[in-house]
1. Go over the candidates L392, L335 one by one and state the one that is touching a helix residue (DSSP H, G or I) at 6+ places or on another chain (Cβ under 9 Å), farther than 30 Å from D485 by Cα, outside any strand (DSSP E or B) and of a type outside the set (S, T, N, Q).
2. Can you say whether S118 is polar (S, T, N, Q), closer than 26 Å to D202 by Cα and touching a residue at least 60 places away in the same chain (Cβ under 8 Å), as far as the supplied structure shows?
3. Taking segment 450-468 only, how many residues are under 21 Å from R322 (Cβ atoms) and not in a loop (DSSP other than H, G, I, E, B)?
4. Within segment 42-58, track down each residue that is of a type in the set (V, I, T) and either closer than 18 Å to K247 by Cβ or assigned to a loop (DSSP other than H, G, I, E, B) (or both).
5. With respect to A372, determine if the residue is out of contact with any Ser or Thr (no Cβ under 8 Å at 6 or more places or on another chain), under 18 Å from S552 (Cα atoms) and either of a type outside the set (S, T, N, Q) or not assigned by TED's automatic domain parsing to the domain that holds L462 (or both).
6. Among the residues of segment 212-253, write down those that are touching a Phe, Trp or Tyr at 6+ places or on another chain (Cβ under 8 Å), of a type in the set (V, I, T) and more than 16 Å from A200 (Cβ to Cβ).
7. Suppose we keep only residues that are touching a helix residue (DSSP H, G or I) at 6+ places or on another chain (Cβ under 6 Å) and not charged (D, E, K, R) within segment 198-242. Which one would you say is modelled with the lowest pLDDT?
8. Select from segment 253-282 the residues that are in a loop (DSSP other than H, G, I, E, B) and more than 26 Å from E134 (Cβ to Cβ) and list them in ascending order.
Amino acid sequence: MRLFLSLVFVVAFSGVAMAEPQYGIAMHGEPALPENYAHFSYVNPDVKKGGEITYGVVGSFDSLNPFVLKGMRSSARGTWEEEIGHLVYEPLMKRSRDEPFTLYGLLAETVEWDDARSYIQFNLNPEARWSDGEPVTVEDVIFTFNLLQEKGRPPYNRRLDLVARMEKVGEHSVRFTFNDKANRETPLIFALMPVFPEHAIDPETFDTNTMATPVGSGPYVVNKVEPGQRIVYKRDPDYWAKDLPSKVGFDNYDTITIDYYLQDSTLFEAFKKGAVDVYIDNSPSHWARSYNFPAADSGDVVKNVFHPQTPTGMTGFVFNTRRPKFSDARVREALSDIFDFQWVNRTLFDQAYRRTESYWQNSALGAFGNPASENELELLGPTADTLPQTILEGTYQMPVTDGSGADRKVLGKAVRQLAEAGYKISNGKMLGPNGTPLAFEVMTTNENQEKLALAYQHTLKLIGIDMSIRTVDDAQYQKRLNTFDYDMMILVQPGFYYSSSLSPGAEQIWRWDSRSRDIEGTFNFAGVASPDIDRIIDAMLSARSTEKFTDSVRALDRLLVNGHYVLPLYHREGQWVARWKHIMHPQETPIYGYEFPTWWDASAQ
């Protein structure tokens, strides 16, 4: 009786109504799969596991720890990532790639929350084990959050800023009670956090000994490391979760090798020879013209086009508004308009691309093609009066040139825009209000970026603007990104552009919110600090209905487009992947596109 009264007192005191454990949680609505689901719809549940795959990536690595600033963009691929898979570390729950934002049980067997989402309780699977056989415990979860707060990189080191209380509840459960800084997405973000083994990590060296072999709960263990060149993962034969519904059809190779190459051209040559099994192609001309080698002619190499149902995202030249020369939106707009997309698309890309006009283009979340509703105008408030009518109507477009690379009409308009900001041409140079020439540097990291920069440089020179190009190696590129040490940089390749999902959320804080502007290692590459954008992001994160959520994302899209923080480039239809024919994939493509962890080696014996 005393125990019962004690429990009632705790619940009443905390203001939290007891909830029934749930097998999944969705950002909006309910999970699409039933409680007794057998597997995700887009996997092959009968796949024969075995064999091997070799991935090739461009760059290098000097860390096995992607959770600290030192290894943020220079850690070995595969330990913790979406594309190749969470091979070593796992999140509390697993995301379905066929729903906008829904999570199902993994390390956490079930989850509990209240209607206000003022707390989240993870009930750990009692069967969960580390690769050394030790059980995954509540203490491990608490240790992980504390360690990342002290030693982790953004955004992991700020998760506990949203927590009023973190506590063990029973033998297998941990509860996070949130403070007023949290929002309705926070419980899902916490569910996607990794978990570390307290018994196998020295907190003192966590952020310095970044080549230490990790102990994880995932399906693979690190087998061999050649720093900067290769990492090999071997399947853990005792992997605890191999029969969980959320893991059926995943993790199908006995061995996964990731080889590093200095240049993409070298990587493709390795693919042609069979040293690499899959090749993600992002060049239209390359995709159209480079598959005339014997293995492709014979059918041993297969080209696939996958069609995700997601927004386009945004690729482009990013203005670092921390630099005074780019602090004026009128200057950024003029410099954006100068870029001759029509010429670049014709001469470099065989007309394969379409111009991107929105961060969520080709979806209901995008402002392009969708006029602002009354509710969205109310959300924008007085800010709406500062936006061009075309942006509010959803009809705004980047200038369309004559494709000559020197469209006098477009150039003339840009010169007039710059004049409004105090610039003028004198002796062939564009001079600023203080009489100094308008000049800046763009940072590039590969040949494809250089081609884009050279095309832009040519057009800028026509109106007296000097743009220099600095190509840096991968290590220097990562360092300069982390410290925002550039005038302008280019985001175009996979993993390094503003990707967009059907459920944008807290990641927008780390891209656009003023809170992330001066924190090294965030993705606020443009240095955005706008109270209006901050307010709209908060509205997006607190939206309960689909309608309010859509309005808030469109409002954010309009503010980003109007801010001209990025010179928009292009997008294409579909994802292009070439593979050796023994590497197979499921027939169904989820809404987020191909998912490598569901592929398999058909030659496995």
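The values are calculated or read from the model by the stated rules, or taken from the named source; none is laboratory data. Model, not experiment: these values are computed from the prediction. No Cβ is skipped: glycine too gets one built from the backbone with ideal geometry, and neighbour counts run over all protein chains shown.
1. Values: L335 fails: farther than 30 Å from D485 by Cα.
That would be L392, the only listed residue that is touching a helix residue (DSSP H, G or I) at 6+ places or on another chain (Cβ under 9 Å), farther than 30 Å from D485 by Cα, outside any strand (DSSP E or B) and of a type outside the set (S, T, N, Q).
2. Details: polar (S, T, N, Q): yes; closer than 26 Å to D202 by Cα: no; touching a residue at least 60 places away in the same chain (Cβ under 8 Å): yes.
Here the answer is no, as S118 does not meet what is asked.
3. Final tally of qualifying residues: 6.
4. Pass one, segment 42-58, residues of a type in the set (V, I, T): 43, 47, 53-54, 57-58.
Within segment 42-58, V43, V47, I53 qualify.
5. yes
6. I231, V248 - these are the residues of segment 212-253 that are touching a Phe, Trp or Tyr at 6+ places or on another chain (Cβ under 8 Å), of a type in the set (V, I, T) and more than 16 Å from A200 (Cβ to Cβ).
7. Here the answer is T210.
8. Step one: of segment 253-282, the residues in a loop (DSSP other than H, G, I, E, B) are 253-254, 262-263, 273-277, 282.
Once the filter is applied, which keeps residues that are in a loop (DSSP other than H, G, I, E, B) and more than 26 Å from E134 (Cβ to Cβ), segment 253-282 yields L262, Q263, K273, G274, A275, V276, D277, N282.
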